[in-house]
Amino acid sequence: MTNEPFVNHELIDRVRRVREDQLLHDDSYQFDEEAQENRDLSELYRVVGNFDKSEMAVCITAILENEPLLIFQVVADYVTDLQKRRVQND
């Protein structure tokens, strides 16, 4: 059994694609330690995945109030990724 830190690579790829989109691009938003960011985001995803519906609703509300276009970007990326997987599996 290895002692590797948990990193959700699929999530990290999605976050990078969304972050790199010009619509939300902010030059002041830079990370010095990419490996730590990957672990932190993966852990956050694991924690949020255990939220109940009320807690998730709070997160979605906060996102809609602060970054409403982010919701659409993530959904669009998710749907595009699903379509690519379906084509690859056919």
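The values are calculated or read from the model by the stated rules, or taken from the named source; none is laboratory data. These numbers were taken from a predicted model, which means no experiment stands behind them. All Cβ positions, even for glycine, are placed from backbone atoms using ideal geometry, and neighbour counts span all protein chains on display.
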Next item on the list: Might you let me know whether the stretch 58-75 holds any residue that is surrounded by 11 or more Cβ atoms within 10 Å (Cβ to Cβ) and of a type in the set (S, T, N, Q)?
Entry: yes
Next item on the list: Check whether at least one residue in the stretch 26-36 is surrounded by 12 or more Cβ atoms within 10 Å (Cβ to Cβ) and either modelled with pLDDT of 95 or more or part of a helix (DSSP H, G or I) (or both), and report yes or no.
Entry: no
Margin query: So, in the stretch 37-85, exactly how many residues are part of a helix (DSSP H, G or I) and farther than 17 Å from Asp13 by Cβ?
Written below: 20
